[in-house]
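Contents: one structure, followed by commentary.
The values are calculated or read from the model by the stated rules, or taken from the named source; none is laboratory data. The structure presented is a predicted model; accordingly, all values stated were derived computationally and were not measured. Virtual Cβ from ideal backbone geometry, glycine too; neighbours counted across all protein chains shown. To get the accessible areas, we keep the full protein, side chains included, count just its heavy atoms, and leave off ligands, DNA and RNA. Shrake-Rupley method; radii C 1.70, N 1.55, O 1.52, S 1.80 Å.
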Amino acid sequence: MKKLYIETVGCQMNVLDSELVVASLRKRGYELTDSTCDADTILFNTCSVRQHAEDKIYSALGRLKNAKQSDPHKIIGVLGCMAQKDQRLIFQRAPYVDLVVGPGQLHQVPQLIEQIAAGRGPQLEVSLGRADGSRAAIERSHESFDPLRDPSMRPTPYQAYVRIMIGCDKFCTYCIVPSVRGPEQSRPPQEILAESRQLAGEGCKEIILLGQTVNSYRHGQSRLSDLLYQLHDIEGLERIKFVTNYPKDMTDDLLGAVRDLPKCTKYLHVPAQSGSNRMLERMKRGYTVEDYREMMARIRHWLPNAAVTSDFIVGFCGETDKDFELTCELVREQRFKNSFIFKYSERPGTKGAERYPDDVPEPVKKNRNNDLLEIQNAISEEDNQPFLGRDVEVLVEGPSKTGAKQDAADPQVQLTGRTLCDRIVVFEGNRRQIGQVLPITVYDANAHTLFGHVVTQHAGPELFTLGA
Ligand code: SAM
Ligand code: SF4
């Protein structure tokens with residue numbers, strides 16, 4: 001048995017990629033370890049969306065220098081977006097790295113590791129850059145990595161990510177994703193359906209469809225709404241979610257499908273990024289704040305009880321106090337269930353970095369981040385209050401953070417799960433309830449979590465008379 005250590009940073013797409021890489025290595029006799037010391041192979045699946053994520057990986061690599069010196073047979077690899085972005089630079093900055101593999105080449109990881117072990121030296125496999133050939137050639141060089149799934153590799157057996165698209169063609173000026181993940185390509189519906197049927201057959205209750213702009217999905221005549229109807233028929237599946245949505249592609253056929261299909265979670269993540277038209281234009285998001293408001297009005301019309309979440313970038317190039325105030329206004333007005341807020345991080349190679357100086361000072365970015373978070377948290381907490389005393393249906397995901405530290409032999413444990421509108425619910429339960437959909441009565445709530453207890457089936461008086 002060889003030992004594999006793998007660390008994953010970044011989005012759900014990376015979590016899925018790591019799951020599949022691990023599965024492919026397990027087939028070749030690897031088992032997982034959580035320590036770099038006893039690992040034969042150490043892999044980092046990386047993110048390039050913000051500088052901070054890259055810095056973390058370079059420092060983690062720095063810490064491995066001595067380990068590699070004392071055991072030259074240890075194989076160290078960098079996978080994913082940073083591998084595609086930095087390529088040979090990684091070998092220059094950390095010469096003891098053996099393997100650099102972009103997200104479009106992950107299917108090659110096992111063979112490349114074998115080559116390194118056979119003494120053939122460092123291996124680099126990346127896809128073509130966005131200007132390095134015809135569209136068809138670039139598309140071919142970014143392969144969707146979706147081998148047969150190994151159920152034992154999923155974080156929980158009841159939930160699974162399913163990729164429906166790879167890449168992105170939107171080219172928002174701040175974003176590195178289109179260059180590292182390649183052109184937007186939708187997977188054929190038959191493949192998605194076959195994978196989802198297999199997952200349901202293995203006991204998976206919830207699938208989460210992934211795409212950078214998931215609602216732009218299009219394969220021939222097939223749209224995301226068509227796919228949802230087909231997935232809905234799969235026996236055993238109880239919930240279907242999809243992330244991340246692009247505001248301009250939020251069509252009525254999709255909202256209608258979410259409304260009419262009981263298995264679709266009433267939850268939409270639709271990043272706005274800013275409330276200022278000047279910023280949206282500089283970001284090249286392709287919509288105005290008025291368009292975004294119109295889209296939100298349609299969401300509320302079709303799905304009055306849906307939870308909507310958003311992403312915002314604060315401190316983008318040239319953002320004034322006035323621009324930022326417009327973002328705050330949008331958050332106050334739209335009352336998102338939650339917002340993910342990021343300080344702008346300049347990405348070399350993007351149009352944003354080329355065109356505009358990164359001129360908002362770090363302390364201003366930080367303050368804006370905190371201020372917006374405060375506004376959002378107050379809204380999240382207020383909007384969770386009406387749940388007090390209510391019964392909600394929860395798909396139980398597993399032990400909560402506290403539960404994970406409890407004695408694994410004890411069947412009683414603190415559990416966590418989600419409502420149909422994606423609210424996190426924590427409650428005391430039994431391990432055998434993991435994977436079930438349970439009614440929970442909510443008795444407390446803060447901004448991010450509802451606390452509850454399992455609704456117990458009250459025995460009626462007739463039960464007592466039966467025994468009499
Ligand atoms: N495709 C999705 C979308 O369009 O919303 C998400 C892609 S990105 C991985 C996730 C979030 O990171 C974005 O919504 C954006 O808010 C943020 N982000 C992307 N590039 C960034 C940058 N250069 N600096 C700060 N935040 C960034
Ligand atoms: Fe990046 Fe924009 Fe594509 Fe999202 S839509 S991945 S933010 S370029």
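Here are some notes:
- Quotient of the Cα radius of gyration of the stretch 329-402 and 2.2 N^0.38 Å, N being its number of residues: 1.60.
- The mean sequence separation of alpha-carbon pairs under 8 Å and at least six residues apart, normalised by the residue count of the chain, gives a relative contact order of 9 percent.
- Taking 7 Å steps out from each Cα toward its Cβ at N446 and K405 produces label points 1.4 nm apart.
- Computed over the Cα atoms of the stretch 78-138, pair by distinct pair, the Kirkwood hydrodynamic radius stands at 12.0 angstrom.
- Counting all C-alpha pairs of the stretch 211-251, share separated by more than 12 Å (%): 60
- Compactness of the stretch 363-466, expressed as Rg and Dmax over alpha-carbon positions, Å: 17.5, 71
- Principal axis dimensions, largest first and in whole angstrom, of the stretch 12-138 by Cα: 44, 32, 31
- Alpha-carbon Rg/Rh ratio, for the stretch 252-295, with Rh computed the Kirkwood way: 1.12
- Packing here is the average count of other Cβ atoms within 10 Å per residue, and on that basis the peptides 398-411, 178-191, highest first, run 178-191, 398-411.
- Relative contact order, percent, the stretch 254-318 [alpha-carbon distance under 8 Å, six or more residues apart]: 46
- For the chain, the fraction of 1.4 Å probe accessible surface lying on carbon and sulfur atoms is 51 percent.
- Phi to ³J(HN,Hα) by Karplus 6.51 cos²θ - 1.76 cosθ + 1.60 over the stretch 266-283, Hz, x for Gly, Pro: 8, 8, 10, 9, 10, x, 8, 6, 7, x, 10, 4, 4, 6, 4, 5, 4, 6
- Only helices enter the 222 nm calculation for the chain: every DSSP H run of n ≥ 4 contributes -39,500 (n - 2.57), and dividing by all residues gives -10500 deg cm²/dmol, rounded to 500.
- Solvent-accessible area per residue in the stretch 91-143 equals 48 Å², computed with a 1.4 angstrom probe and all protein chains kept.
- Our estimate of slack between Q385 and D291, defined as 0.36 nm per intervening residue step minus the Cα-Cα distance, is 30.8 nm.
- For the stretch 112-235, radius of gyration divided by Kirkwood radius, i.e. Rg to Rh on alpha-carbons: 1.03
- Sequence-distant residues sharing a close amide H with A445 (under 5 Å, placed H): F451
- The value of relative contact order for the stretch 11-116, using C-alpha pairs under 8 Å at least six residues apart, is 28 percent.
- Scoring 250-261, 380-391 by mean Cβ neighbours within 10 Å over their residues and listing the highest first yields 250-261, 380-391.
- Nearest-0.05 FRET efficiency for E114 and R355, computed from C-beta distance (R0 60 Å): 0.85
- Each peptide among 1-13, 366-378 gets the average number of other Cβ atoms lying within 10 Å of its residues, and from highest to lowest they stand as 1-13, 366-378.
- 1.4 Å probe accessible area per residue over the stretch 146-269, in Å²: 35
- The calculated FRET efficiency for the pair V437 and K366, based on their C-beta separation and a Förster distance of 30 Å, comes to about 0.15.
- Remark: spin-label model distance N66-L32 equals 2.8 nm, labels positioned 7 Å along the Cα→Cβ axis.
- With the convex hull constructed from alpha-carbon coordinates only, the chain shows a mean projected area of 25.6 nm² over all directions.
- With the Kirkwood sum run over all distinct C-alpha pairs, the stretch 315-364 has a hydrodynamic radius of 12.4 Å.
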